[in-house]
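For reference, the structure is listed below as structure tokens.
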Amino acid sequence: MSDLLLQATFVAATFLLAGVVKGMIGLGLPTISMGLLGLVMAPSQAAALLLVPSLVTNVWQLLAGSGCGALLRRLWGMMLGICLGTAAGSGIIAGGDTRLATAGLGGALILYALVGLARARLRVPAWAERRAGPVVGAVTGLITGATGVFVIPAVPFLGALGLERDELVQALGLSFTVSTLALAAGLAWHGAVPAASLGLSLLALAPALLGMAAGGWLRARVSLGAFRRCFFLGLLGLGGEIAWRALA
């Protein structure tokens, strides 16, 4: 089997698994994709591959319900912070120092896994939300630009706003959509989105959507609590492996 076919098979399997996770718990596609692809390629290449599947699946999640406009009016400061932070940090993942970006990717996965395993019940008071949103967005953007992972601290912050379940799912979709677009713009600005990567990213969309459908089917048949614990433990080990290889 040729190296190109092996790579394409690995990419398809990665996005299939990432889609299953997203279909079950509403997030995890870019995190799983960046983590697994980061084992075999530079973070900038992995980030370029996730652009199309991430954008399509998150727009789908965003538009799945009503109230998108109200969420955007409420969270516009956070979204602006994500854009500015990603623009500032994208030079790291697109730069020549892949060791720094890889170590950052491993660290982001470890941090996200620890937050998920802790299951801390946080609550942001209404008076602090408007001030904290842009700061959280900027930090999320910096991490996105440096590592391609856009869940910390955005996901815990959105979970602490007291949103209803459907609102939270849409808010996550909004955050991830903006992060994906900002990352795409940052990579393109630094010339880190080759045409070949975009073609492979488009091909990765099919397994990602298939995985999401399978994850939705499994959601009613598998204990989500046990699945989440396994997911975060696996992510912890994956992040540790990536960070160890980068720093060893």
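The values are calculated or read from the model by the stated rules, or taken from the named source; none is laboratory data. Computed from a prediction, not measured in an experiment: that's the story for all the values here. Quick reminder, even Gly has a Cβ in these numbers, built from the backbone with ideal geometry, and neighbours come from all protein chains shown.
Checking each residue of the stretch 69-77 against the condition of being over 15 Å from residue 151 (Cβ atoms) and in contact with a His (Cβ under 9 Å, 6 or more places away or on another chain) gives no match. Evaluation of residue 210 against the conditions (1) within 26 Å of residue 124 (Cα to Cα); (2) in a helix (DSSP H, G or I); (3) aliphatic (A, V, I, L, M) shows that the sole unmet condition is (1).
Just to check your reading of the model, which residue among 72, 4 is within 22 Å of residue 185 (Cα to Cα) and either touching a strand residue (DSSP E or B) at 6+ places or on another chain (Cβ under 6 Å) or of a type outside the set (S, T, N, Q) (or both)? Going through 72, 4 in turn, the sole match is 72. Here residue 220 fulfils each of the conditions (1) at pLDDT below 85; (2) more than 24 Å from residue 109 (Cα to Cα); (3) in contact with a helix residue (DSSP H, G or I) (Cβ under 7 Å, 6 or more places away or on another chain) apart from (3).
Residues checked against (1) touching a residue at least 40 places away in the same chain (Cβ under 8 Å); (2) farther than 30 Å from residue 98 by Cβ:
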position: 111; (1), (2): yes, no
position: 122; (1), (2): no, yes
position: 126; (1), (2): no, yes
position: 133; (1), (2): yes, yes
position: 139; (1), (2): yes, no
position: 148; (1), (2): yes, no
position: 152; (1), (2): yes, no
position: 181; (1), (2): yes, no
position: 189; (1), (2): yes, no
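The number of residues in the stretch 87-131 that are of a type in the set (D, E, K, R), outside any loop (DSSP other than H, G, I, E, B) and under 21 Å from residue 155 (Cβ atoms) comes to 3.
Would you be able to tell me the number of residues in the stretch 171-195 that are touching a helix residue (DSSP H, G or I) at 6+ places or on another chain (Cβ under 9 Å), assigned to a helix (DSSP H, G or I) and farther than 14 Å from residue 56 by Cα? So the answer is 7.
When the stretch 1-58 is filtered for residues that are outside any helix (DSSP H, G or I), small (Gly, Ala, Ser) and surrounded by fewer than 23 Cβ atoms within 10 Å (Cβ to Cβ), the ones remaining, listed by number, are 2, 26, 42. Here residue 98 meets each of (1) among the polar types (S, T, N, Q); (2) within 17 Å of the chain's Cα centre (by Cα); (3) closer than 27 Å to residue 195 by Cβ; (4) surrounded by fewer than 24 Cβ atoms within 10 Å (Cβ to Cβ) with one exception, condition (2). Cβ separations smaller than 9 Å between residues 6+ apart or across chains give the following pairs from the stretch 31-51 residues that are of a type in the set (Val, Ile, Thr) to residues that are not in a helix (DSSP H, G or I): 31/149; 31/150; 31/151. Selection of the stretch 213-239 for residues being charged (D, E, K, R) and either in a helix (DSSP H, G or I) or within 16 Å of the chain's Cα centre (by Cα) (or both) yields 219, 228, 229.
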